[in-house]
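Peer 1: After the structure tokens below, expect a handful of questions from me.
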Amino acid sequence: MPTATCCPSCKGDLVEIGSDESQRLDVVPVQYRVIVTRRPKLACRACHGVVLQHAAPERLIKGGLPTERLVSRM
């Protein structure tokens with residue numbers, strides 16, 4: 001807001017008639033997090049060697065750690 005409160009020509013009071021707005025793009029520092037996927041193993045007590053487990057979710061890079069969101073921000 002301008003520091004002057006009166007008209008430079010007639011010295012009358014100034015009143016607000018509107019405003020201009022501008023925008024800037026900023027970035028918040030990246031926050032890393034570890035996403036843990038838990039896949040329980042299930043076994044039958046009566047049957048020897050029977051172990052069941054859901055398949056692991058697909059990864060963007062086979063055997064890699066980055067998620068799709070991490071790669072898209074690079």
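The values are calculated or read from the model by the stated rules, or taken from the named source; none is laboratory data. The shown structure was predicted, so the numbers you read here are calculated from the model rather than taken from an experiment. To get the accessible areas, we keep the full protein, side chains included, count just its heavy atoms, and leave off ligands, DNA and RNA. Shrake-Rupley method; radii C 1.70, N 1.55, O 1.52, S 1.80 Å.
Peer 1: Write down the accessible area per residue of the chain in Å², having rolled a 1.4 Å probe over the full set of protein chains.
Peer 2: In whole numbers, the chain has 113 Å² accessible per residue.
Peer 1: Sticking with this structure for a sec: How much of the accessible area of the chain, probe 1.4 Å, is carbon plus sulfur, in whole percent?
Peer 2: On the way: 4690 of 8390 Å².
Using a 1.4 Å probe with all protein chains present, the chain comes out at 56 percent carbon and sulfur.
Peer 1: Sticking with this one: Please check: in the Gaussian network model of the chain (C-alpha springs, under 10 Å), which one of 39, 24, 59 has the largest mean-square fluctuation.
Peer 2: Its mean-square fluctuation being the largest, the pick is 24.
Peer 1: Continuing with the same structure: Counting each DSSP H run of 4 or more residues in the chain as -39500 (n - 2.57), what helix-only mean residue ellipticity at 222 nm follows after dividing by all residues, to the nearest 500 deg cm²/dmol? Don't jump to the answer; show the numbers that get you there.
Peer 2: Numbers: 1 runs with 5 residues, N = 74.
Computed mean residue ellipticity for the chain: -1500 deg cm²/dmol.
Peer 1: Would you mind checking the radius of gyration and Dmax of the chain based on alpha-carbon positions, in Å?
Peer 2: That works out to 31.1, 99 Å for Rg and Dmax.
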